[in-house]
């Protein structure tokens with residue numbers, strides 16, 4: 001945000017809201033771009049063959065490790081499932097690359 005403020009000629013002293021600067025520069029919120037990036041990686045993983053290390057589970061965490069107290073950490077799988085549910089996208093769309101790119105694209109404002 002600091003770089004966007006600088007591009008618009010504002011400083012923090014001006015107390016201009018982030019939403020106003022994003023609208024002026026026409027930038028998508030970073031949360032949507034991060035979600036798009038995660039979903040793009042998920043599509044890549046889904047299209048890999050079943051014997052690939054990323055797909056066969058060699059890179060998954062070990063489940064038999066004792067976890068600490070408190071709220072469990074959000075895993076990548078859980079985050080992707082939540083994003084797929086929020087964006088109303090099914091996993092089967094990931095097998096078709098062009099349809100997947102259209103489904104996860106974030107339009108620029």
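Numerical summary
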quantity	calculated
Any pair with Cβ under 7 angstrom, 6 or more apart, that starts in the range 48-77 at a residue that is under 21 Å from residue 35 (Cβ atoms) and ends at one that is part of a loop (DSSP other than H, G, I, E, B) and at pLDDT 70 or above	54/48
Residue among 45, 16 that is surrounded by 13 or more Cβ atoms within 10 Å (Cβ to Cβ) and part of a loop (DSSP other than H, G, I, E, B)	16
Check on residue 55, at pLDDT below 85, in contact with a helix residue (DSSP H, G or I) (Cβ under 8 Å, 6 or more places away or on another chain) and assigned to a helix (DSSP H, G or I)	yes
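The values are calculated or read from the model by the stated rules, or taken from the named source; none is laboratory data. Since we're looking at a predicted model, the values are computed, not measured. Methodologically, a virtual Cβ is constructed for each residue, glycine included, from the backbone with ideal geometry; neighbour enumeration extends over all protein chains shown.
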